[in-house]
1. Can you tell me which residues in the range 188-221 are in contact (Cβ under 8 Å) with a residue 60 or more places away in the chain and open to solvent by less than 40 Å² (accessible area, probe 1.4 Å)?
2. What is the one condition in (1) of a type outside the set (F, W, Y); (2) more than 26 Å from K195 (Cβ to Cβ); (3) outside any helix (DSSP H, G or I) that A87 does not satisfy?
3. On the given criteria, is V151 farther than 21 Å from K113 by Cβ, in contact with an Asp or Glu (Cβ under 8 Å, 6 or more places away or on another chain) and of a type in the set (A, V, I, L, M)?
4. Working only within the range 42-59, note down all residues that are open to solvent by less than 60 Å² (accessible area, probe 1.4 Å) and over 29 Å from D105 (Cα atoms).
5. Can you find a residue that is modelled with pLDDT of 95 or more, farther than 24 Å from A227 by Cβ, surrounded by fewer than 19 Cβ atoms within 10 Å (Cβ to Cβ) and not small (G, A, S) anywhere in the range 163-171?
6. Condition first: of a type in the set (A, V, I, L, M), in contact (Cβ under 8 Å) with a residue 12 or more places away in the chain and either assigned to a strand (DSSP E or B) or within 23 Å of P226 (Cβ to Cβ) (or both). Can you find one or more residues in the range 138-156 that meet it?
Amino acid sequence: MKDKVALITGATSGIGRATAYEFAKHEIKLILCGRRQERLDTIREALKKQTKVHTLNFDVRDKDGVLKAINDLPEDFRGIDILINNAGNAHGLDPIQNGNLDDWDAMLDINVKGLLYVSKAIIPQMTERQSGHIINIGSSAGKEVYPNGNVYCASKHAVVAVTEGMRIDLNPFGIKVGSVNPGLVETEFSQVRFKGASIANKAYKGYKALQAEDVADVIYFAVSRPAHVNIADVLMFCTAQASATIVKKEL
Ligand code: NDP
Ligand code: 8X3
């Protein structure tokens, strides 16, 4: 894996950041993306002894910004071997009849269209080279709809569908495409979903949720398989979780 180049979106926090740390252990060169530049700088400082790190600051909703940032990469980072489409969040947890239009826009624009814009910027170089590996971070919410999950679940079902479509269309080019779909992971996710409200602090109480590092382990496992092996679709839960709505809690 040494000297392969990986681009990770949403690298400033949670699963994306843990993946950056995991990849750095294996000397994978990193392009780390996010909107919070100070966090990107901190992570680059922390990892620069292990591997080369380049940061890109863009909002995945900004189509032109995404294309420009990736087209303008320095020579050392131009050939991207691995794309981890991870940037995303849930915004709100309301029944459909009370849904907030801005939340709906955010989830569809970031989780679905943002993933497509980043992929569009990178896939042509992969088809040209006839190699590459794309991992889309979906969710158990892309497999199972739960009460009040409506539009977030729709966005993650779309990620699963886009992943399958990519795998089919990119098959002639020898490009690997897969998705990793976790259940509850203890990150900043709930703070974003509940806009910092105190209910966010309860999301991971009374049980041991997946940690970002657990998901990063699986992502690294997927990218480090031999050339003939593609991990197409992973659904992972913490032990306490059996489905979207069944979580064994000790309260
Ligand atoms: P975090 O909130 O910890 O991280 C989200 C990341 O996405 C941040 O780095 C953030 O960076 C980035 N991001 C959000 N919006 C944008 C945007 N508009 N443009 C660019 N970057 C953006 O959450 P997680 O690590 O948990 O989430 C990562 C992925 O995993 C998401 O796709 C999420 O849906 C998925 N997931 C999470 C689960 C969970 O329970 N936590 C379970 C299953 C899937 P910045 O704000 O700096 O731009
Ligand atoms: C995040 C997990 O259960 O909040 O995708 O949808 S859940």
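The values are calculated or read from the model by the stated rules, or taken from the named source; none is laboratory data. All values reported here derive from a predicted model rather than from experimental measurement. Cβ atoms come from the backbone with ideal geometry, glycine included; neighbour counts cover every protein chain shown. Note: areas computed on protein heavy atoms with side chains; ligands, DNA, RNA excluded. Shrake-Rupley method; radii C 1.70, N 1.55, O 1.52, S 1.80 Å.
1. If the condition is that a residue be in contact (Cβ under 8 Å) with a residue 60 or more places away in the chain and open to solvent by less than 40 Å² (accessible area, probe 1.4 Å), then R193, A212, V215, A216, I219, Y220 are the ones that fit.
2. Status for A87: all satisfied but (2).
3. The answer is no for V151.
4. Passing the criteria: I43, A46, L47, T51, V53, H54.
5. No, the range 163-171 contains no residue that is modelled with pLDDT of 95 or more, farther than 24 Å from A227 by Cβ, surrounded by fewer than 19 Cβ atoms within 10 Å (Cβ to Cβ) and not small (G, A, S).
6. The answer is no, given that none of the residues of the range 138-156 is of a type in the set (A, V, I, L, M), in contact (Cβ under 8 Å) with a residue 12 or more places away in the chain and either assigned to a strand (DSSP E or B) or within 23 Å of P226 (Cβ to Cβ) (or both).
So that you can scan it fast, the table gives a plain yes or no per residue for (1) surrounded by fewer than 19 Cβ atoms within 10 Å (Cβ to Cβ); (2) out of contact with any His (no Cβ under 7 Å at 6 or more places or on another chain):
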residue	(1), (2)
T9	no, yes
R39	yes, yes
R61	yes, yes
V66	no, yes
P74	yes, no
N85	no, yes
G88	no, yes
N98	yes, yes
